[in-house]
Amino acid sequence: MRKINILKAIVDLLWIFSMPIVLVIIGFSIAVFFVDLGDLNIKINSIGLNTDTLFSKTLLVVSALNYLLIVAALYFFKKVLNHFVRVKIFEETVISSFKKSGNLLFISGIISLTISMISKVYFQQKVTLEFGLNQHLVIICLGLFFLVLSEIFKVAKNQKQENDLTI
């Protein structure tokens, strides 16, 4: 039980630190289209962006909004941990929160991988094939893990209900 409290404290701390960043991202996303960003040196995934074109501004806004998907997944994971601390493990909200977190992380990983490939082709004019572990694949795998965990908890909840009904 002590480990779940440590995890909950870390997730709560991440949640507190992510809230001001969310406000900055929303404000920045709105300001991108109205302010000339030509003098700023902006890098996303170690790729320098030329912020003069509408396409690059759109990629920048989509990247910023993609961060909001990760924060939303963190919120649902926070809900799961609150239920775990109260020892309410096999509730429907836990299963649905795992599923929502998994879907958000999976979508966020796909979006960030797509943005990374598009920006590499558009800004660096090169296509490369890299093997290995990167942050996009980790986020996709984490999303799939939460989806699998959701299914496991659904099966475990059904088994628990059947077990409670037997004499």
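The values are calculated or read from the model by the stated rules, or taken from the named source; none is laboratory data. Everything numeric in this text was worked out from a predicted model, so none of it was measured. Note: ideal-geometry Cβ built from the backbone for every residue, glycine included; neighbour counts use all protein chains shown. Protein only, heavy atoms only, side chains kept; ligands, DNA and RNA dropped before computing areas. Shrake-Rupley method; radii C 1.70, N 1.55, O 1.52, S 1.80 Å.
Its relative contact order, with pairs defined as Cα atoms under 8 Å and 6+ residues apart, puts the chain at 23 percent. Ordered by solvent-accessible area of protein heavy atoms (1.4 Å probe), largest first, the residues LYS3, LYS126 come out as LYS3, LYS126. Using a 1.4 Å probe on the protein heavy atoms, what percent of the accessible area of the chain belongs to carbon and sulfur? The computed percentage sits at 69.
Here's the list of lysines a cross-link from LYS88 could span, going by alpha-carbon distance under 28 Å and ignoring same-chain residues fewer than 8 apart: LYS3, LYS8, LYS78, LYS79, LYS99, LYS100, LYS154, LYS157, LYS160. Where a ≥ b ≥ c are the square roots of the eigenvalues of the C-alpha gyration tensor, would you call segment 63-145 rounded, which needs a/c under 1.5, or, failing that, prolate if a/b is larger than b/c, or oblate? Prolate shape, in that a/c is at least 1.5 and a/b is the bigger ratio. In order along segment 53-69, phi translates into HN-Hα couplings of 9, 5, 4, 5, 5, 5, 4, 5, 5, 5, 5, 5, 6, 5, 4, 5, 5 Hz, rounded to whole numbers, per the Karplus curve 6.51 cos²θ - 1.76 cosθ + 1.60 with θ = phi - 60° and x for Gly and Pro. With all protein chains in place and ligands, DNA and RNA left out, the 1.4 Å accessible area ranks ASP12, ASP164 as ASP164, ASP12, largest first. Computed from phi, the 3J(HN,Hα) profile of segment 14-27 under the Karplus parametrisation 6.51, -1.76, 1.60 (θ = phi - 60°) reads 4, 5, 5, 6, 7, 5, x, 5, 4, 5, 5, 5, 4, x Hz, with x in place of Gly and Pro.
Judged by the gyration tensor of its Cα atoms, with axes a ≥ b ≥ c, segment 115-167 is prolate; a/c meets the 1.5 cut and a/b is the larger of a/b and b/c.
Against the set (i) 8.3; (ii) 12.2; (iii) 10.7, the structure's computed mean projected area of the Cα convex hull in nm² falls on (ii).
Split the chain at each of the chymotrypsin sites (Phe, Trp or Tyr not before Pro) in a DSSP loop with at most 14 other beta carbon atoms within 10 Å, and the longest piece is 35-130. Modelled spin labels at GLU162 and GLU130, positioned 7 Å past Cα toward Cβ, are 4.6 nm from each other. Entry comment: accessible area of the chain is 64 Å² per residue, from protein heavy atoms only and a probe of 1.4 Å.
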